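Colleague: Below are the structure tokens for one structure; questions will follow.
The values are calculated or read from the model by the stated rules, or taken from the named source; none is laboratory data. What you are looking at is a predicted structure, and each value in this text was computed from that prediction instead of being measured. Positions of Cβ are generated from backbone atoms using ideal geometry, with glycine treated the same way; all protein chains shown enter the neighbour counts.
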Amino acid sequence: MIREAVIEKSVGITKIVIAGDWHSNIHEEPLANALESLGKQVVRFKWHEYFSTSDETSMVKKIRLKFEAYFSFGLSVRSINKSLLKTVENESPDLVFIYRPNLISKNTIESIKAFGRRTWVVSYNNDDPFSSLYPWYTWARYKRSIKSYDLLFSYRPNNVADYYAYGAKSVEMLPPWYVEELNYPIALSGSDVEKYSCDVVFIGHYEKDGRLSFLRKLVGSGVRVGLYGPGWNDAIKDDTVLGHLYPVRYLGSSEYNKALCGSKLALVLYSKLNNDVYTRRCFEIPATKTAMLAKRTKEMELIYSDGEEVIFFDDEDHAVGLVHDYLKDEERIKRIAHNGWRRAKSSGYEVKSRANQLLKDTLSLQGI
């Protein structure tokens with residue numbers, strides 16, 4: 001009976017404006033595609049274009065744009081807000097979904113809601129806007145606007161109470177996802193076998209949170225490590241243990257998938273900047289049928305079964321010991337990889353399931 005009501009009412013959300021930076025193919029675009037596959041019309045509002053430069057752009061303008069993007073302030077930010085208002089006015093959507101809305105002002109949100117038709121305005125932020133490690137100006141505009149949204153989707157459970165403390169009307173969980181077209185198991189062939197094969201792969205940014213010493217312990221114990229992601233080169237270039245991994249590359253989607261599938265184990269480390277208890281890779285890795293090695297958190301224990309679907313560790317030394325134990329039994333690794341893949345496929349961790357949940361939670365504002 002409940003399901004029939006949701007399907008009937010979902011017709012009420014037919015057009016959606018998704019506004020966001022749109023600088024990558026793993027955030028806004030998969031969500032837009034998923035909503036379109038569910039029969040919704042999606043209008044894409046991309047604000048990274050307001051900060052784009054070319055060889056013809058003057059140095060003064062390049063500096064100004066970089067300054068405005070960093071401080072979430074200035075002419076470009078005002079233009080973004082003005083253009084978003086115009087887009088919403090012209091398109092008359094049922095829902096405006098703002099992804100990582102550090103640039104969107106309270107006035108813009110309230111103006112959208114004053115256009116004369118009922119348009120729901122919701123936000124989603126994969127970063128932690130309440131982290132004390134961010135400069136105050138990064139999220140100041142967003143924090144001022146929190147109480148103006150009809151609904152806020154929280155990436156992590158620990159932010160739900162934070163949103164309510166800032167006056168949020170309604171908060172729902174929307175965990176990260178994997179994308180079926182990007183994250184899937186493949187068998188490497190030819191030169192890719194040599195290029196990507198390793199015992200443990202870590203794909204992620206460099207952060208001063210202890211991950212450097214963690215990787216040193218793994219490599220120092222004889223584990224063949226693959227390392228990819230931004231920010232590593234300055235940290236490891238002259239490192240006596242990790243220097244052989246230099247230069248570290250950032251991977252596009254197809255290479256990212258190959259790097260995961262070429263490793264026996266894929267390591268997950270959580271960002272302390274964002275107070276993470278899981279990350280997007282916690283859903284992408286199992287989807288590639290690669291065994292995942294991740295720090296134990298109570299949230300992750302609710303998602304996966306330790307020793308059956310993933311491998312949890314408690315500290316660095318525990319992780320190194322587990323790696324050596326599992327590398328002695330590759331059939332066990334394959335079994336965990338298969339079970340993790342089955343869990344990801346069957347439990348709604350894919351973006352289309354998240355998009356469907358987003359619609360249902362938004363419709364609940366109407367009392368469904």
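Colleague: Look through region 318-328, keep the residues that are under 28 Å from the mean Cα position of the chain (by Cα) and not β-branched (Val, Ile, Thr), and return whichever of them is farthest from Arg211 (Cα to Cα).
Modeller: This residue is Leu322.
Colleague: Over 22 Å from Ile203 (Cβ atoms), assigned to a helix (DSSP H, G or I) and charged (D, E, K, R): is that true of Arg335 in this structure?
Modeller: yes
Colleague: Check Met173 against each of (1) within 20 Å of Asp127 (Cβ to Cβ); (2) in contact (Cβ under 8 Å) with a residue 60 or more places away in the chain; (3) touching a strand residue (DSSP E or B) at 6+ places or on another chain (Cβ under 8 Å) and name the one condition it does not meet.
Modeller: All conditions pass for Met173, except number (2).
Colleague: From the set of residues in region 343-361 that are touching a residue at least 60 places away in the same chain (Cβ under 8 Å) and either outside any helix (DSSP H, G or I) or in contact with an Asp or Glu (Cβ under 7 Å, 6 or more places away or on another chain) (or both), which is nearest to Phe153 (Cα to Cα)?
Modeller: This residue is Asp361.
Colleague: Moving on to the next point. Just checking: which of the helices (runs of 4 or more DSSP H) contained wholly in region 155-271 hold 3 or more residues that are among the aliphatic types (A, V, I, L, M)?
Modeller: It comes to 160-165, 211-220.
Colleague: Please state which of the following conditions Asn339 fails to meet, knowing it meets all the rest: (1) within 20 Å of the chain's Cα centre (by Cα); (2) within 27 Å of Ser253 (Cβ to Cβ).
Modeller: Tallying (1) within 20 Å of the chain's Cα centre (by Cα); (2) within 27 Å of Ser253 (Cβ to Cβ), Asn339 fails exactly one: (1).
Colleague: Of these, Phe71, Phe45, Phe51, which one is touching a strand residue (DSSP E or B) at 6+ places or on another chain (Cβ under 7 Å), outside the structural domain of Leu251 (by TED's automatic domain parsing) and among the aromatic types (Phe, Trp, Tyr)?
Modeller: Exactly one residue qualifies, and that residue is Phe45.
Colleague: Now a separate question. Out of the residues in region 340-355 meeting the condition of being surrounded by fewer than 17 Cβ atoms within 10 Å (Cβ to Cβ) and over 18 Å from Glu308 (Cα atoms), tell me which one is modelled with the highest pLDDT.
Modeller: Ser353
Colleague: Is there a residue being without any contact (Cβ under 8 Å) to a residue 24 or more places away in the chain and out of contact with any helix residue (DSSP H, G or I) (no Cβ under 8 Å at 6 or more places or on another chain) anywhere in region 196-205? Steps first, please.
Modeller: The first filter runs over region 196-205 and keeps only residues without any contact (Cβ under 8 Å) to a residue 24 or more places away in the chain, leaving none.
Scanning region 196-205 turns up no residue that is without any contact (Cβ under 8 Å) to a residue 24 or more places away in the chain and out of contact with any helix residue (DSSP H, G or I) (no Cβ under 8 Å at 6 or more places or on another chain).
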